[in-house]
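Participant: Can you keep this structure in mind? I'll have questions shortly.
Read the figures in this text as sums done on the coordinates, not as results from a lab. Just so you know, these numbers come straight off a predicted model, no measurement behind them. Virtual Cβ from ideal backbone geometry, glycine too; neighbours counted across all protein chains shown.
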Amino acid sequence: MSGEVNIKRLAQELNISIATVSKALNDSYEISLKTKNRVWTLAKELNYTPNPAASNLRSNKTKTIAVIIPCVANNFFSLAIKGIEEIARQYGYHVLIYQTHEDTEMEMSFTNSLLNGRVDGILTSVSSNEYNNEYYKNLVNKIPMVFFDRVYEELDTFKVTTDDYQISYTATEHLIEQGCTKIAYLYGLEKLPAGRARFLGYCDALQAHGLLAAEDLVVHYSEDEANNLQNIKTLFQQQAPDALFSSIEEFIIPAYSACQELQLQIPKDVKILSFCNMSSAKLLNPSLTTITQPAFEIGNEAAKCLFKVLNKRGIGDDKDIVLQSTLIKRASTGG
């Protein structure tokens, strides 16, 4: 059968009503998964392309969602975006991406500009330079929103995160098992729940093993990479830690550079591990032990949650979704 591929043709070939095809394409709860799969499979085979102007006019929807993140170049966020886009395509949605560059004012400006009906919903991972919970308490009542990775815990909306506390505890124990007794912490995201959970996991693991979590062993993140390098060098010169636990991947290059400049051998003189989704981690010399977050799955799950909200489903579902990160042991910790 040749000719234009539209909803009417899909309905004829599947021997079902046009209304059923339309509802299936829009993932309506009224249609069974079996029927949806039949419709979606045929639509893909025939390269069906919806008429956005017509469908949007009927549904009063833009068929567009926004993703607001700190930085596209960050490996975690680039993978999360891929996960989001996969789900958005299944629903026939376009994705707009906004970068805040860790600037809360820019984040609010973007978000406010989207409240005029330009998008149907927003997925966001909040900026780290300021705790901005009150702003979002009001915002979640104005537009469908889902938060992922960097979230505010008190908000009444879906939040997709990872087991930051537990994986930090496990990673710290790994360093202790490798013989480390003076473990320094490179502290990022400290204004956000994720950053605080990571630090608490580190502190509790030290305490459980009778080790000290001292402020002198903590380096706080600076947006200036040169400052991070100098602060880590000062840490080595004044405290001589035998391990570095980095809570964000932005510390990795300064940490390795500091060891090189001070002629410290990894892992003989100091062991290093970090939260990191860089594919190049295994290519560093030595290869880096990482806490790898399931970034693609986080984006995928967050997008599924947003479409639940948009389609008025999942009303009674647990809104706090926690996925597990993985500790990948490599040469930098003697693993």
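Participant: Kindly rank 313-319, 126-132 from highest to lowest mean number of other beta carbons found within 10 Å of each residue.
Facilitator: On the way: 313-319: 10.7, 126-132: 19.9.
Ranked from most to least packed, the peptides come out as 126-132, 313-319.
Participant: Report, in debye and to the nearest 20, how large the dipole of the chain comes out about its Cα centre when Lys and Arg carry +1 and Asp and Glu carry -1 on their Cβ.
Facilitator: Around 1700 debye, computed over the chain.
Participant: Between segment 182-200 and segment 1-50, what's the alpha-carbon centroid distance in Å?
Facilitator: One Cα centre to the other: 49 Å.
Participant: Within straight cross-link reach of residue 233, meaning Cα distance under 17 Å, which aspartates and glutamates are found once same-chain residues fewer than 8 apart are removed?
Facilitator: Partners found: 215, 216, 223, 224, 225, 242, 250, 261, 269.
Participant: How would you rank 164-177, 136-149, highest first, on the average number of other Cβ atoms within 10 Å across their residues?
Facilitator: Working: 164-177: 20.7, 136-149: 19.1.
Ranked by mean Cβ neighbours within 10 Å, highest first: 164-177, 136-149.
Participant: Can you tell which of 125, 287, 113 shows the greatest fluctuation in a Gaussian network model of the chain with Cα springs below 10 Å?
Facilitator: It is 113.
Participant: Can you tell me the orientation of helix 104-113 relative to the chain, as the angle in degrees between its alpha-carbon axis and the longest Cα principal axis, to the nearest 10?
Facilitator: That helix lies at roughly 0 degrees to the long axis.
Participant: Rounded to the nearest 0.05, what FRET efficiency is calculated for residue 207 and residue 297 with R0 set to 30 Å and r the Cβ-Cβ distance?
Facilitator: Using R0 = 30 Å, I get an efficiency of 0.45.
Participant: Under a GNM of the chain (C-alpha, springs under 10 Å), which listed residue has the highest mean-square fluctuation: 184, 43, 19?
Facilitator: Fluctuation is largest for 19.
Participant: Okay, next question. Whole number please: convex hull volume per residue of the Cα set in the chain, in Å³?
Facilitator: Hull volume over Cα atoms, normalised by residue count, gives 151 Å³.
Participant: Subtract the Cα-Cα distance of residue 317 and residue 40 from 0.36 nm times their separation in residues, and report this length gain in nm to one decimal.
Facilitator: Full extension of this stretch gives 97.2 nm more.
Participant: Next up: Per residue of segment 21-27, what does 6.51 cos²θ - 1.76 cosθ + 1.60 with θ = phi - 60° give for ³J(HN,Hα)? Whole Hz please, x for Gly and Pro, Karplus curve as stated.
Facilitator: 4, 4, 5, 5, 5, 9, 6
Participant: What are the residues whose amide H is under 5 Å from the amide H of residue 218, where those residues sit 5 or more places off or on another chain and H is modelled from the backbone?
Facilitator: 185
Participant: Which residues' amide hydrogens lie under 5 Å from the amide hydrogen of residue 145, considering only partners 5 or more residues apart or on another chain, with H built in the peptide plane?
Facilitator: Residues meeting the criterion, in which the H sits 1.01 Å from N, are 122.
Participant: Give me the mean projected area, in nm² to one decimal, of the convex hull enclosing the Cα positions of segment 7-49.
Facilitator: In nm², the orientation-averaged hull projection of segment 7-49 is 2.5.
Participant: Here is a further query. Return one number: the angle in degrees, 0 to 90 and rounded to the nearest 10, between the long axis of the Cα atoms of helix 225-239 and the longest principal axis of the Cα atoms of the chain.
Facilitator: With rounding to tens, the tilt is 40 degrees.
Participant: Same structure, new question: Per residue of segment 190-198, what does 6.51 cos²θ - 1.76 cosθ + 1.60 with θ = phi - 60° give for ³J(HN,Hα)? Whole Hz please, x for Gly and Pro, Karplus curve as stated.
Facilitator: Result, rounded to whole Hz: 6, 8, 10, x, 4, x, 5, 5, 5.
Participant: Pull up all non-local amide H partners of residue 246: gap of 5 or more, or a different chain, and H-to-H distance under 5 Å with H placed in the peptide plane.
Facilitator: Placed amide hydrogens put 186, 273, 274, 275 under 5 Å from residue 246.
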